[in-house]
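> Supplied in structure tokens, the structure appears directly below.
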Amino acid sequence: MKTRIKSYEMDFCEGSLWKKILLFSMPLMFSNVLQVVFNMSDVAVVGKFAGPIALGAVGSTSILVTLFTGILLGLSSGVNALTALYIGSKNEKDVRETVHTAAILCFCTGVSITLLGIAFSRSILTAMHTKEELIEDALIYLRIYLLGMPALGIFNFGNSVLSAAGDTKRPLYFLSLAGVLNVLMNLFFVIVCRMNVAGVAIASILAQYFSAAMVLVLLLRTKECFGLKPSALKISPNKLKRIIRIGIPSAFQYAIFALANLFVQTGVNSFDHVMVEGNSAASNADPLVYDMMAAFYTACTSFIARNYGAQKKDRIRKSFLICMFYSFLVGLILGVGIYLLRYPFLGLFTNDSSVINAGIKRLSVMALSYSVSAFMDNSIAASRGLGRTILPTVMVILGSCVFRIFWIYTVFAYFKTIESLYLLYVFSWLITAIAEILYFIKIFRKIQVS
């Protein structure tokens with residue numbers, strides 16, 4: 001039975017790839033940015049209305065938030081790739097089994113992250129050498145924020161399924177509403193209720209549960225093969241294995257990145273609290289840029305997986321190159337743009353001129369660095385679309401994680417400047433990108449089409 005294409009879905013296997021990849025990615029870019037707004041608005045509100053200590057406390061948890069959310073994002077990438085593959089091959093039974101297995105897996109993973117994160121949050125913050133004046137507020141923020149992980153797991157699951165079907169518009173609508181709700185609640189809890197870091201954390205998780213509920217209702221109501229039916233909620237061992245085979249290496253990749261960045265945060269913490277707060281303000285540019293670029297990585301995985309299922313090799317190659325170009329261009333424009341607007345951008349998060357000047361040190365290094373990450377991440381996404389994740393993950397661990405730790409204990413230890421610490425990003429991305437591109441070329445050449 002042929003899968004029907006609705007007005008909000010997209011046929012990945014026919015038509016102009018330049019146009020379709022852009023149309024697919026634009027709503028996803030805005031969806032990703034709205035997810036960033038959850039944490040960014042937390043930092044902006046506490047920085048402006050609760051002072052630099054609260055700003056530093058929330059900023060000190062940003063890498064841990066990235067770690068926990070990254071695990072869920074990595075897992076959902078496996079859901080996206082496998083669902084897209086089965087939709088491309090028009091196998092509705094496999095689509096249904098994948099979706100219902102993934103729903104259980106993503107929710108249970110979110111619950112597990114909540115429980116483990118709350119239990120070990122103080123130990124992790126202490127190991128990161130979080131400043132004594134920041135740690136208590138950081139702990140409050142992190143533990144409350146972690147309560148939203150089950151909702152985030154469900155939303156990312158639903159977003160991945162809908163993206164695999166070519167529907168990136170409705171998740172954007174849901175996140176738009178949730179984003180507005182989050183900002184309004186941030187202002188209410190901090191300014192009116194005087195709840196500071198606890199207030200912004202509560203606002204974030206309420207918004208996350210709202211967006212999760214919306215996407216869940218949509219999947220329960222749809223009659224398409226990728227819809228959810230409570231009576232069909234059970235784990236298919238075969239689909240679980242395939243999701244894990246793609247998703248776990250990807251989740252592990254996010255985790256390893258975050259682990260390596262914990263060493264970076266520890267390096268930042270070796271400077272005074274002004275530098276820590278400046279880094280916290282400037283690092284808000286990272287998820288803004290990365291997540292807009294990530295829309296094209298999702299497109300790369302989805303388009304390649306669908307065309308791999310349809311056995312259209314030429315469209316696989318074109319999808320890879322087009323997504324690479326788009327993501328590089330977005331990274332370059334945003335990186336340079338944020339640097340040119342560095343004073344108003346940093347002014348969103350702090351009124352302290354010394355903190356702003358400290359933040360500019362990071363932005364000056366990262367402005368041209370972001371675009372380089374496109375070559376690495378897009379190649380990984382392309383390999384994932386072909387069902388390969390283990391070796392790309394190993395290369396990421398060696399090139400972008402082990403290398404970063406090596407850099408910290410050699411280059412940074414020698415120069416002991418904040419600029420020498422930030423330069424590790426672009427060098428690690430560059431050497432990893434070379435390996436990832438060569439690997440994708442190798443597996444692409446082995447594709448056989450009938």
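The values are calculated or read from the model by the stated rules, or taken from the named source; none is laboratory data. Keep in mind that this is a model prediction, so the values were computed, not measured. Glycine gets a Cβ as well: all are built from the backbone with ideal geometry, and neighbour counts include every protein chain shown. Note: areas computed on protein heavy atoms with side chains; ligands, DNA, RNA excluded. Shrake-Rupley method; radii C 1.70, N 1.55, O 1.52, S 1.80 Å.
> Express in nm, to one decimal, how much length is gained between Glu14 and Ile431 on full extension, taking 0.36 nm for each residue of separation and deducting their alpha carbon distance.
Values: separation 417, 0.36 × 417 = 150.12 nm, distance 3.48 nm.
Result: 146.6 nm gained on full extension.
> Rounded to the nearest 0.05, what FRET efficiency do Leu438 and Phe49 have when you use their Cβ-Cβ distance and R0 = 45 Å?
On the way: r = 50 Å, r/R0 = 1.11.
Working from the Cβ atoms, E equals 0.35.
> Distance check, please: which entries in Lys20/Lys313; Lys93/Lys223; Lys19/Lys442 exceed 19 angstrom between their Cα atoms? Intermediate results must be reported in sequence, preceding the final value.
Working: Lys20/Lys313 17 Å; Lys93/Lys223 14 Å; Lys19/Lys442 27 Å.
Check vs 19 Å cut-off fails for Lys19/Lys442.
> Okay, next question. Put Val215, Val372, Val402 in order of accessible area, largest first, 1.4 Å probe: what do you get? The partial results should precede the final answer.
Working: Val215 0, Val372 25, Val402 75 Å².
Greatest to least solvent exposure: Val402, Val372, Val215.
> A follow-up question, please. Tally Lys/Arg at +1 and Asp/Glu at -1 over every other residue whose Cβ is under 13 Å from the Cβ of Thr130; what's the total?
Working: positive: Arg122, Lys131; negative: Glu132, Glu133, Glu136, Asp137, Glu277.
Result for the neighbourhood of Thr130: -3.
> Specify the inter-centroid distance of region 204-224 and region 128-162, based on alpha-carbon positions, in whole Å.
Computed from Cα coordinates, the inter-centre distance equals 19 Å.
> What do you get for the angle between helix 169-187 and the principal long axis of the chain? Use alpha-carbon atoms, 0 to 90 degrees, nearest ten.
The helix 169-187 is inclined about 20 degrees to the chain.
> For region 300-309, in order, what is each residue's ³J(HN,Hα) by Karplus, 6.51 cos²θ - 1.76 cosθ + 1.60 with θ = phi - 60°, in whole Hz (x at glycine and Pro)?
The phi angles translate into 4, 4, 5, 5, 5, 5, 5, 6, 5, x Hz.
> Can you give the local net charge around Met29? Use residues other than it whose beta-carbon is closer than 14 angstrom to its beta-carbon, Lys and Arg +1, Asp and Glu -1. It would help to have the intermediate numbers written out before the result.
Details: positive: Lys169; negative: Asp291.
Computed value for this residue: 0.
> A follow-up question, please. Calculate, in nm to one decimal, what Val336 and Ser112 gain on full extension: separation in residues at 0.36 nm each, minus their alpha carbon distance. Walk me through the intermediate numbers first.
Values: separation 224, 0.36 × 224 = 80.64 nm, distance 3.88 nm.
Computed gain between Val336 and Ser112 is 76.8 nm.
> A follow-up question, please. Between rounded, prolate and oblate, where does region 133-198 land on the alpha carbon gyration tensor, with a ≥ b ≥ c its root eigenvalues, rounded for a/c under 1.5, else prolate if a/b exceeds b/c?
Values: a/c = 4.26, a/b = 1.86, b/c = 2.30.
It comes out oblate by the Cα gyration axes.
> To continue, here is another question. What do you get for the angle between helix 17-49 and the principal long axis of the chain? Use alpha-carbon atoms, 0 to 90 degrees, nearest ten.
The answer is roughly 30 degrees.
> Please find the FRET efficiency linking Val180 to His129, where r is the Cβ-Cβ separation and R0 is fixed at 56 Å, and quote it to the nearest 0.05. Mind showing how you got there, number by number?
Numbers: r = 37 Å, r/R0 = 0.66.
For Val180 and His129, the calculated efficiency is 0.90.
> Sticking with this structure for a sec: Under a GNM of the chain (C-alpha, springs under 10 Å), which listed residue has the highest mean-square fluctuation: Gly278, Gly51, Gly399?
Checking each option, the largest mean-square fluctuation is seen for Gly51.
> Give me the number: length gained by fully extending Gln448 to Val411, i.e. 0.36 nm times residue separation minus the C-alpha to C-alpha distance, one decimal in nm. Don't skip to the end; give the middle numbers.
Numbers: separation 37, 0.36 × 37 = 13.32 nm, distance 4.53 nm.
Answer, rounded to one decimal: 8.8 nm.
> Which angle from 0 to 90°, rounded to the nearest 10, does the C-alpha axis of helix 373-385 make with the longest principal axis of the chain?
Around 30 degrees separate the two axes.
> Specify the residue with the greatest mean-square fluctuation among Leu233, Leu346, Leu28, computed from a Gaussian network of the chain linking alpha-carbon atoms under 10 Å apart.
Ranking Leu233, Leu346, Leu28 by mean-square fluctuation puts Leu233 first.
> Jot down the radius of gyration and Dmax of region 233-333, Cα atoms only, both in angstrom.
18.6, 56
> Which value, in Å³ per residue, describes the convex hull spanned by the Cα atoms of the chain?
On the way: hull volume 56.4 nm³, N = 450.
In the chain, the Cα convex hull volume per residue is 125 Å³.
> Given the -39500 (n - 2.57) contribution per DSSP H run of 4+ residues, what per-residue ellipticity at 222 nm results for the chain, rounded to the nearest 500 deg cm²/dmol?
Numbers: 19 runs with 348 residues, N = 450.
Result for the chain: -26500 deg cm²/dmol, rounded to the nearest 500.
> Compute a Gaussian network model of the chain, connecting alpha carbons closer than 10 Å, and tell me which residue from Asn357, Asn80, Asn186 fluctuates the most.
Most flexible of the set in this elastic network: Asn357.
> Now for a different question. With each pseudo-label sitting 7 Å past Cα toward Cβ, what's the Leu22-Leu240 distance in nm, one decimal?
Spacing of the two 7 Å Cα→Cβ label points: 4.4 nm.
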